[in-house]
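The values are calculated or read from the model by the stated rules, or taken from the named source; none is laboratory data. None of the values given here were measured: they were computed from a predicted structure. So basically every Cβ, Gly included, is an ideal-geometry build from the backbone, and we count neighbours across all protein chains shown. With ligands, DNA and RNA removed, areas are computed over all heavy atoms of the protein, side chains included. Shrake-Rupley method; radii C 1.70, N 1.55, O 1.52, S 1.80 Å.
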Amino acid sequence: MAPSLSEPFSDSSVLIDFVINQGNGVKGLSEMGLKALPKQYIQPLEERMCMTNVQAQESIPIIDMSNPNDPEVEKSICEAASKWGFFQIVNHDVPVEVLENVKNATYKFFGLAAEVKNKYSKEHSLSNNVRFGTSFTPQAEKALEWKDYLSLFYVSEEEAFALWPSVCREQVLDYMSKSEVVIKQLLKVLMKGLNVNEIDETKESLLMGSMRTNLNYYPKCPNPELTVGVGRHSDVSTLTILLQDEIGGLFVRGNDGDNWIHVPPIKGSLVINVGDALQIMSNGKYKSVEHRVVANGSNNRISVPIFVNPRPSDMIGSLPELIENGEKPIYKQVLYSDYVKHFFRKAHDGKKTVAFAEL
């Protein structure tokens, strides 16, 4: 039951019921044709995107992966991870039709009726590994974010076939498996850049022992300048592999600290970013960088990130090879699941999570 349109959401409990409990999400709000943004989504001034702080002439590196073993390509990848924390890759090994299929499947999932999507909500999902939700951590946020998502933590194909929504299951599995080649290429190069020349099974599972894919939906928004699609944060992953559509709206913090750089959509490309786990394991050589997504007043936007992570039971810290080579560790050993819990316990707050692991 949709609230009346005159002053539909002055009462927060009505909004929470409609958006979260009934499973309508912000997509449901967007489709009501609201003339004004509900107050619960109005961000404090300091969290809104100020377009005067955008460096229009700056761009994150774009790296051609058609020959990933070329020393120049390897150097570009390591430099991008050290200096920018973000880069785009083109001519990689993930077929374009796999990317198109997962984008179409994302639209299909969010096109389902609210009561169908709601079967996968925190309250109703059969597993913590499958979660439909909205915003980031609604119970911890002073202002909500204008985004709905489906989060799929990969355990096995059997579990995926049993529990993931059928409209997107095969497309997401295909996207994850086809991306694995690229993930391994990137990790091999990044480890080589740290003089870690052999990735044995233990190291591989530390770097990419678990994976989660999110389907993100950012519907058209009234007063987009007053809210955010996603607030300032860095990822807790080792690496994030992001597929974005043609709409745009992802911004990355520039090197000077005050400015933001737009990541323009390039058809067929993937956006790669360093996560906190890799910053910690590289002893600070590779940087996980703050990023955010703006809301859009005229278009719906989707994105599909794969978060490549250590396993929850892994201890992460500065890699022993670096310490053996005489580097002073700047991070302590922390249980990865504790680190992730710390991240999800609070609202998005820039780069503050990494302090949890600092010595």
Taking alpha-carbon centroids only, the stretch 275-339 lies from the stretch 202-248 a number of Å equal to 13
Would you list which aspartates and glutamates come within 13 Å of LYS287, measuring only between C-alpha atoms, while excluding same-chain residues fewer than 8 positions from it? GLU79, ASP235, ASP276
Which of SER177, ALA160, VAL189 sits farthest toward the positive end of the charge dipole of the stretch 156-196, with +1 on the Cβ of Lys and Arg and -1 on the Cβ of Asp and Glu? VAL189
Against the 2.2 N^0.38 Å scaling, with N counting residues, where does the stretch 223-336 land? I'd like the Cα-based Rg ratio to two decimal places. 1.23
Solvent-accessible area per residue, Å², over the stretch 58-356 with all protein chains present [probe radius 1.4 Å]: 41
Taking each pair of distinct Cα atoms in the stretch 294-345 once, what is the resulting Kirkwood hydrodynamic radius in Å? 14.3
So HIS342 and LYS328, fully extended at 0.36 nm per residue minus their Cα-Cα distance, gain in nm 2.5 nm
Of LYS332/LYS352; LYS184/LYS267; LYS328/LYS352; LYS188/LYS328, which pairs sit farther than 20 Å apart, going by alpha carbon to alpha carbon? LYS184/LYS267; LYS328/LYS352; LYS188/LYS328
Long-range HN-HN contacts of ILE60 with modeled amide H, under 5 Å: none
Any idea what % of Cα-Cα pairs in the stretch 35-94 are farther than 16 Å? 63
Rounded to 5, percent antiparallel among DSSP beta bridges of the chain: 90
Please report the base-10 log of the normalised intensity I(q)/I(0) for the stretch 169-285, using a Debye sum with one equal scatterer per alpha carbon and no solvent, at each q in 0.10, 0.14, 0.17, 0.21 (1/Å). -0.38, -0.74, -1.05, -1.41
All lysines inside 24 Å of LYS35 as judged from Cα atoms, apart from same-chain residues fewer than 8 positions distant: LYS27, LYS142, LYS147, LYS220
Convex hull (Cα only) mean projected area of the stretch 203-271, reported in nm² to one decimal: 6.5
In vacuum, with every alpha carbon of the stretch 158-211 counted as one equal point scatterer, what does the Debye formula give for log10 I(q)/I(0) at q = 0.16, 0.31 Å⁻¹? Two decimals, please. -0.59, -1.20
Solvent exposure ordering (accessible area, 1.4 Å, most first) of ARG292, ARG48: ARG48, ARG292
Express the carbon and sulfur contribution to the solvent-accessible surface of the chain as a percent, rounded to the nearest whole number, probe 1.4 angstrom. 52
Which three numbers, in whole Å and largest first, are the semi-axes of the equivalent ellipsoid of the stretch 58-356 derived from its Cα gyration tensor as √(5λ)? 29, 21, 21
Of the DSSP H helices in the chain, the ones reaching 30 Å or more along their long axis in Cα terms and averaging at least -1.0 in Kyte-Doolittle hydropathy are 169-192
So which aspartates and glutamates can LYS119 reach, going by Cα to Cα under 18 Å and dropping same-chain residues fewer than 8 places off? ASP17, ASP148, GLU159
So what's the net charge close to ASP276: Lys and Arg +1, Asp and Glu -1, counting the other residues with Cβ under 12 Å from its Cβ? 0
